[in-house]
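In what follows, a single structure is set out as structure tokens and then discussed.
The values are calculated or read from the model by the stated rules, or taken from the named source; none is laboratory data. Everything numeric here is computed off the predicted structure, so don't read it as measured data. Note: ideal-geometry Cβ built from the backbone for every residue, glycine included; neighbour counts use all protein chains shown. Remember, those area values only see protein heavy atoms, side chains included, never the ligands or the DNA or RNA. Shrake-Rupley method; radii C 1.70, N 1.55, O 1.52, S 1.80 Å.
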Amino acid sequence: PVAAAKLKEGEMLLDLGCGAGMDLFLAGYKLGEKGKAVGVDFSEEMIKRGNEIAKKYNRSNVEFVLSPIEKMPFADNTFDVVISNCVLNLVPNKAEAFKEIFRVLKHSGRFVVSDIILRKPLPEELEKDVGSIVGCVGRAVELETYKRNLEDAGFSDVNASDLNKDLNTLYNEAGQDTQLCGTSTVSCCGKKQTQQQPVTALQKYDLNEYTGSFIVKAIKN
């Protein structure tokens, strides 16, 4: 989303679900000393970590704020651009979140996010599975619903571009890294042993059939 937002020096940016700030620090460099990059996250640990990094590297134009997306502590018409990287799909009440995002954006402000969006309804197992929810799939909505929520909030020029990523590959690799599927572990003797783990709900389905990774853009007129 940082690249897609086409940031300009001096702009005010808001990053939703910023974590420890990878995108936020990248944006801060592009915005320059006269600009500012503000991130919100509901994890106290991430906010603390982000502020520590900002202080360590003297990034005075980067700020971390503890807040839910649905109710943020910012005045109306504050930001030039709002970005987010695969976070809004996790928000239970997306309609309220989009209204709040619209409120804090300036007129002609830009909404530019990367998100997981459904191509068609999920099987019940995927929709209710905890691993699927935290894996950015279970709470995702279909594209028409996503667009309608944005338009109902007041946004115009809503556009969604499919990045055509192979989500099966992404989730299988993530599963191997976190021992969600068959992985190698190191024994007490230092020799690797193969340990077969149960197949997760995310691995039972062709995720590309149900979901996709999209860049979504919209404007506040």
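Here Asn58 and Glu9 are evaluated by their C-beta separation; at R0 = 25 Å the FRET efficiency comes out at 0.85.
The chymotrypsin sites (Phe, Trp or Tyr not before Pro) of region 95-149 include none that DSSP puts in a loop with a beta carbon having at most 16 other beta carbons within 10 Å.
With r as the distance between the Cβ atoms of Asn164 and Gln203 and R0 = 22 Å, compute the FRET efficiency 1/(1 + (r/R0)^6) and round to 0.05. Efficiency for this residue pair is about 0.60. Result for the chain in a Gaussian network model with C-alpha springs under 10 Å: among Lys147, Lys36, Lys128, the largest mean-square fluctuation is at Lys128. Computed over region 60-167, relative contact order equals 27 percent, with contacts defined as Cα pairs under 8 Å that lie 6+ residues apart. For the chain, what % of the accessible area comes from carbon and sulfur atoms, probe 1.4 Å? Looking at the chain in its full context, I get 50 percent from C and S.
For Lys34, the shell of other residues with beta-carbons less than 13 Å away shows a net charge of -1, using +1 for Lys and Arg and -1 for Asp and Glu. Rounding to the nearest 10 and keeping the result within 0 to 90°, find how far the Cα-based axis of helix 94-104 lies from the longest principal axis of the chain. Taking Cα atoms only, the helix is inclined about 30 degrees.
In the chain, excluding the sites themselves, the longest stretch lacking any of the GluC sites (Glu not before Pro) that are in a DSSP loop with at most 10 other Cβ atoms within 10 Å is 34-221. The simple spin-label model puts a point 7 Å past each Cα toward its Cβ; for Arg119 and Lys34 those points are separated by 4.6 nm. Per residue, the average separation of C-alpha pairs within less than 8 Å and at least 6 apart gives the chain a relative contact order of 20 percent.
Dividing the summed helix terms, -39500 (n - 2.57) for each DSSP H run of n ≥ 4, by the number of residues in the chain produces a 222 nm estimate of -9000 deg cm²/dmol to the nearest 500. Take the Cα radius of gyration of the chain and divide it by 2.2 N^0.38 Å, N being the number of residues; the result is 1.11.
Which angle from 0 to 90°, rounded to the nearest 10, does the C-alpha axis of helix 22-31 make with the longest principal axis of the chain? Orientation of helix 22-31: about 30 degrees from the principal axis.
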